[in-house]
Amino acid sequence: MAAVDHDGPDSILAMIGVLFTVVAILVIAIQHYVYFPTKLDSGRVEPPLLPSSIPVVGHLINLLIYGKQYFMTLEQQHHQSLYALPMWPILNSRMYLITSPDWVNAMKPTHKSLSFYTLIVRALKIVFKLDETTINIIERNVDGRTRGRGENLFQETHDMMHATLAPGRHLDDLSLSMLNNMASTVNGLAPNKGESQVIGLWSWIRHHFTLASATAVYGPHNPFSKNPDLIADFWTLDENLISLMLLPWTWLTARRGYLARRRVFDGFVEYAEKGHYADASQLIRSRVALNSRYGVAKRMDGQLESSMAFGLLANTIPASFWMLSYILADPKLLAALRVEIGQCVRVEEREQDQEGEDDCGGKKTKLKTKHIINATKLKTHCPLLASTFRETLRVTASVIVNRWILDDVEVMNQVTGKAFVLRKGSLVQTATHVIHADRSVYGDDADLFDARRFMSTVGYRHDGEERTKILDPAGPFRDIEGNVHHGSFRPFGSGKHICPGR
Ligand code: HEM
């Protein structure tokens, strides 16, 4: 029998083997600890935690790399519609994800235990760098649990914004100002007869819509008009929001976003400190008055306004770009919309002075045509335009609705009968873009853009003398019996915090 050489390659291999086994046991143990759902009493269960290919931190890494698209991938791979994702070491180690209307509806009865503001306050602290005094002002009674409603800056701001942006004078003023600002830009585009002009649609829309919206809301001295370079900075900041929220040492790890944020802050702080909101819309004047009543410092007013600019611009401008792209890419749709919108346009011909004299020695004049759009009529006379807008949001708006869970809540899916407990101190996200792509809701053509999808589907069936109202079963968000799927179209969220700018 040969003697064993203790220092030879066999023993090194054996040691490596032992090391691997120890590491594997450790990884399994950590994974087991992280993934194992907390035991609950009386047989209640948490949704099973979904492992990732890279143990423990895989979902977090995928989210940082792929963003919201990762949720679509998860649904395509697992078809689970309610997920518990390990998120160690952040978000209390787990996050719930909802990707179906059934689970959206199951969440409804729990709304008193869900907080809209917890995550917003976190973002204001980490990304928008509000100081401790301002955070304390905002956090006091933010969920209305310690004192009554209306005794918190954000609750009051919420009520004011919904009132100011409801149909009426203030909203009309805003819309009119926005449309007039855009009209002057679009009129500048009109080429002379026979000439054309090439524009890059995304950069053109991003620039001019940002300016037009900011001028309507923040007034003529808004930071973007003062320094148009801030427009690009704002969109760089938008691209980097998640990194700025989640990564450490952002001056190094998310440098572009970090520097863009500094310049955007400077612009808004100067705006606030110079009191330029005196010329702004009612919305901003009311916000600043409320901030001042609660003791918010001017510098913090500016940083808060830079966060509000995201509410105003981050969804509106991509939606405008996509809507225009879909329309311009389809000549039939463009022609149909021109006819529809034509009903809302009044044409005026005005004489305009021209240089020189006419044959009789009088001053030369030429006719100038002016097209005036009646914006109110656009809302009432343009069903195809409205449907195109909604379909654009369905296909392109990547909206995530966030809620922080304040108490353990039990949710029951009325369609499948499944019930789970979602744990206090976790985040629940609804991925509306995944719901909007659901074939079981929108049919086999859910991937396609159909401008007419949201046209009214109400019709009448004639049975002899009888006339019965019917719903087109192929219509949007209806099932085969014609019943509307609740929770299937949510680009603006829902409930108390539904978007006031919708
Ligand atoms: C296509 C355009 C827009 C989309 C898709 C959109 C989407 C949303 C969504 C999904 C929410 C969260 C709702 C929830 O969590 O339940 C929201 C909230 C909000 N949006 Fe919009 N929004 C748009 C335009 C606007 C505009 C133009 C403004 C401002 C004039 C605005 C101001 C806000 C504000 C202030 C909130 C927070 C509401 C609260 O505190 O309760 N949004 N929006």
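Going 7 Å from the Cα of Lys68 along its beta-carbon direction, which residues of region 280-317 have the amide nitrogen within less than 18 Å of the resulting point?
308-317
Give the ranking of Tyr277, Tyr326, Tyr218, Tyr66 by solvent-accessible surface, highest area first, calculated with a 1.4 Å probe. Don't skip to the end; give the middle numbers.
On the way: Tyr277 35, Tyr326 65, Tyr218 0, Tyr66 135 Å².
Putting Tyr277, Tyr326, Tyr218, Tyr66 in descending order of accessible area: Tyr66, Tyr326, Tyr277, Tyr218.
Net charge around Ile341, counting only other residues with Cβ within less than 13 Å of its Cβ (Lys, Arg = +1; Asp, Glu = -1)?
Values: positive: Arg338, Arg346, Lys377, Lys379; negative: Glu340.
Neighbourhood net charge equals +3.
Determine the gain in length on full extension of the stretch Ala14-Asp445; use 0.36 nm per residue of separation and subtract their C-alpha separation, reporting nm with one decimal. Intermediate values should be presented prior to the final figure.
Numbers: separation 431, 0.36 × 431 = 155.16 nm, distance 5.79 nm.
Extra length from Ala14 to Asp445 when fully extended: 149.4 nm.
Which pairs break 24 Å Cα to Cα here: Lys112/Lys424; Lys129/Lys424; Lys226/Lys368?
Cα-Cα > 24 Å for Lys129/Lys424; Lys226/Lys368; rest within.
Per-residue HN-Hα couplings for region 404-413, Karplus 6.51 cos²θ - 1.76 cosθ + 1.60 at θ = phi - 60°, whole Hz, x for Gly and Pro?
Once θ is set to phi - 60°, the couplings for region 404-413 become 9, 8, 8, 9, 4, 10, 9, 10, 10, 7 Hz.
Computed from the mean reciprocal separation of all distinct C-alpha pairs, what Kirkwood hydrodynamic radius does region 130-315 have, in Å?
About 18.1 Å for region 130-315.
Order Glu156, Glu151, most accessible first, counting only protein heavy atoms with a 1.4 angstrom probe. Walk me through the numbers before you get to the answer.
Numbers: Glu156 45, Glu151 85 Å².
Solvent-accessible surface, decreasing: Glu151, Glu156.
State, as an integer percentage, the relative contact order of region 130-315 based on alpha-carbon contacts under 8 Å between residues 6 or more apart. Before the final figure, lay out each step's value.
On the way: 177 pairs, mean separation 45.6, N = 186.
Relative contact order comes out at 24 percent.
With all protein chains present, how much of the accessible area of region 130-315 (probe radius 1.4 Å) comes from carbon and sulfur, to the nearest whole percent? Before the final figure, lay out each step's value.
Details: 5020 of 9360 Å².
Solvent-exposed carbon and sulfur of region 130-315 make up 54 percent of the total.
Counting Lys and Arg as +1 and Asp and Glu as -1, what is the net charge of the other residues whose Cβ lies under 11 Å from the Cβ of Lys377? Write out the running numbers ahead of the final one.
On the way: positive: Arg346, Lys379; negative: Glu340.
With Lys, Arg at +1 and Asp, Glu at -1, the neighbours total +1.
Counting only the heavy atoms of the protein chains, how much of Leu130 is accessible to a 1.4 Å probe, in Å² to the nearest 10?
About 10 Å², rounded to the nearest 10.
Taking a probe of 1.4 angstrom, what is the accessible area of Ile61 in Å², to the nearest 10?
Its accessible surface works out to 70 Å², give or take rounding.
List the lysines whose Cα sits under 27 Å from the Cα of Lys370, skipping any in the same chain fewer than 8 residues away.
Lys193, Lys332, Lys379
Per residue, how large is the accessible surface of region 130-315? Use a 1.4 angstrom probe and give square angstrom. Let's see the in-between values first.
Details: 9360 Å² over 186 residues.
Ligands and nucleic acids excluded, the result is 50 Å² per residue.
Show Arg285, Arg94, Arg350 ordered by accessible area, largest first, where the area counts protein heavy atoms only and the probe is 1.4 Å.
On the way: Arg285 100, Arg94 30, Arg350 120 Å².
Output order, biggest surface exposure first: Arg350, Arg285, Arg94.
Which residues in region 388-417 place their backbone N less than 17 Å from a point set 7 Å from the Cα of Trp202 along the Cα-to-Cβ direction?
Answer for this model: 396-398.
With every protein chain in place, what's the accessible area of Ile120 (1.4 Å probe, Å², nearest 10)?
Number for this one is 60 Å².
The values are calculated or read from the model by the stated rules, or taken from the named source; none is laboratory data. Worth saying up front: this structure is predicted, and the values here are computed from it rather than measured. Note: ideal-geometry Cβ built from the backbone for every residue, glycine included; neighbour counts use all protein chains shown. Quick note on the areas: whole protein, heavy atoms, side chains included, nothing else; ligands and nucleic acids left out. Shrake-Rupley method; radii C 1.70, N 1.55, O 1.52, S 1.80 Å.
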